[in-house]
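Take a look at the structure set out below.
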Amino acid sequence: MKVTGIQVGELETNCYIYRDESTGRCAIIDPGEMNDRLRAAIEEAGRASFDYILLTHCHFDHVGGVSEVRELTGAPVAIQKHDAAGLRDSGINLSGYFFGQRTIYPPADLTFDDGETFYVGETKFTVMHTPGHTVGSCCYITEGLIFSGDTLFRESAGRTDFPGGSASEMSRSLQRLMALEGDYIVYPGHEGVTTLSRERVSNPYVRWFGQNH
Ligand SMILES: [Zn+2]
């Protein structure tokens with residue numbers, strides 16, 4: 001497999017293109033905004049090779065490019081079921097809060113529940129519902145990789161003070177991630193890539209929540 005990261009938008013969201021090497025099938029994770037680099041990466045992968053547009057949650061900085069990517073690729077938009085409504089609500093997707101633009105996004109074509117699985121080419125992905133940053137935040141997990149959205153960051157975690165956020169849910173979600181067996185490369189929604197083994201020992205939120213909840 002191959003993961004390409006492209007920073008998009010004013011909040012420097014990490015959009016990722018995952019490619020299953022054996023089949024060339026792809027998924028795009030969190031197209032927060034369309035830009036030239038993202039368009040070039042989609043063209044390079046092949047517009048018709050995308051099986052899914054995967055959203056880790058409904059915030060505008062993760063979903064702003066969904067219409068254009070959907071138009072280019074024809075791939076279905078997927079999100080955890082509890083965040084589907086947020087795509088259509090500018091108070092929840094925060095487009096009004098940050099820029100005063102009350103934007104709604106295309107509805108999801110598919111919604112996932114916790115533990116659901118799907119394939120990109122021959123690679124199996126599992127959805128882990130990880131509420132805390134939003135009610136329907138999720139992580140997409142496959143062989144050795146986690147796309148963690150705004151749940152887990154390198155030595156940090158997502159804010160829990162937006163609508164639908166919950167510090168206690170975040171605590172449970174981080175503990176669930178940490179309890180996965182073995183090590184994973186973690187591709188977060190903002191800032192740098194990390195590993196689960198590193199976060200188990202160095203993430204202050206994981207340690208704080210672990211001690212206090
Ligand atoms: Zn967010």
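Results, tabulated for the structure shown:
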read-out: Assigned charges on the beta-carbon of Lys, Arg, Asp, Glu; region 120-196 dipole about Cα centre (debye); value: 160 debye
read-out: Fraction of antiparallel bridges per DSSP, the chain only, in percent to nearest 5; value: 70 percent
read-out: MRE, 222 nm, helices only [DSSP H, n ≥ 4, -39500 (n - 2.57), over the chain, to nearest 500]; value: -7000 deg cm²/dmol
read-out: Positive-end residue of 54, 160, 14, charge dipole of the chain with Cβ unit charges; value: 160
read-out: For region 2-212, size of Cβ-based charge dipole, Lys and Arg +1, Asp and Glu -1, in debye; value: 260 debye
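Read-outs throughout are calculated quantities, based only on the coordinates presented, and are distinct from any laboratory measurement. Keep in mind it's a predicted model, so treat the numbers as computed, not measured. Ideal geometry is used to build each Cβ from the backbone, glycine not excepted, and the neighbour counts take in all protein chains shown.
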